[in-house]
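Note sheet for the following structure.
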Amino acid sequence: MKLYITLFLLFLSTTLFAQEQFVLDNRTAYCTLFLKDGKLIGTCEKSFFTAFEINLTNQELDSVSLFKQLPLSGIANVTYVPNSKENVDYKLKAEYDVTTRAGFPQILIKTSDGWFAMDNLKIYRDRITFEMDNDPDPPITTTDLMVINKTITLLQDEKHWNRNDDRRCKDDIENKIYSLFCALYSASVEVEGAYNHRSAIMQRIRKTIVDIYPNKELQHRLQDFNNLPETDHSVLMDLLTRVKNQVSEKLKE
């Protein structure tokens, strides 16, 4: 594994002076962070994450030194538009660490709004650039199967289903009456010890919801699916069973 990471870091170092060629689309965000006063600070285009800040421990910036410093702490700026009203900007704590979930080392951005990999990372002497998938499809693991199984257990009895989701889970957990979102939240915390808003299983369920209701405009896919008049308990369980089967088949590959 150490050899694998070393080879990858050497590959990154060859891209130090590469040219950036960005083709904008609605799903991919494009970020540039500049080295300033011991931090990497910059902004993103096409993303609800408008800016990032990474606190470095080493003033030098190259592929080897950056990866050696991980994990690092910092800030992520987010823009939220509540009910089409004026934008609200707020800051989240962010952790930056190494992940190999794609089969090779990447920098993973961890926030309470989700975990995102830095795709197509390029490291220069004075800045880094990277792309970020706004609606990622992370690789499935056995943990995702455990989460979906626990979610099915929580919602199997209709009397434990809250069909009026408000995306606040404290009362759901206390009363043992869960919306789809809160059942996934509770199962994720129990299985993984933490909640990742855009984990592989959360994303798989979101995208399957779109498959079920392709013509619906869903602002919050999990909440809106849960609350739709046409979503009864059998539709809910069909969704979860379908996703469980997808996950099981994926793990066999």
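Here are a few things to note about the model shown:
- Scan of the stretch 191-248 for residues that are of a type in the set (A, V, I, L, M) and without any contact (Cβ under 8 Å) to a residue 60 or more places away in the chain, ordered by number: VAL191, ALA194, MET202, ILE205, ILE209, VAL210, ILE212, LEU218, LEU222, LEU228, VAL235, LEU239
- Restricting ARG167, ARG163, ARG198, ARG125 to those that are touching a strand residue (DSSP E or B) at 6+ places or on another chain (Cβ under 7 Å) and either on the phi > 0 side of the Ramachandran plot or assigned to a loop (DSSP other than H, G, I, E, B) (or both) reduces the list to ARG198.
- Summed over the stretch 61-110, residues that are modelled with pLDDT of 85 or more and either closer than 27 Å to ARG125 by Cβ or of a type in the set (Val, Ile, Thr) (or both) total 27.
- For the stretch 128-160, the set of residues classified as in contact with a Phe, Trp or Tyr (Cβ under 9 Å, 6 or more places away or on another chain) and either charged (D, E, K, R) or assigned to a loop (DSSP other than H, G, I, E, B) (or both) consists of GLU131, ASP133, ASN134, PRO136, PRO138, listed by residue number.
- Selection from the stretch 204-247 of residues that are within 19 Å of CYS169 (Cα to Cα), out of contact with any helix residue (DSSP H, G or I) (no Cβ under 7 Å at 6 or more places or on another chain) and surrounded by 13 or more Cβ atoms within 10 Å (Cβ to Cβ): HIS220, ASP224, ASN227, LEU228
- Any hit, the stretch 83-101, residues being of a type outside the set (S, T, N, Q), in contact with a strand residue (DSSP E or B) (Cβ under 7 Å, 6 or more places away or on another chain) and not in a strand (DSSP E or B): no
- Residue in the stretch 232-246 that is at pLDDT 95 or above and of a type in the set (Ser, Thr, Tyr) present: yes
The values are calculated or read from the model by the stated rules, or taken from the named source; none is laboratory data. These numbers were taken from a predicted model, which means no experiment stands behind them. Positions of Cβ are generated from backbone atoms using ideal geometry, with glycine treated the same way; all protein chains shown enter the neighbour counts.
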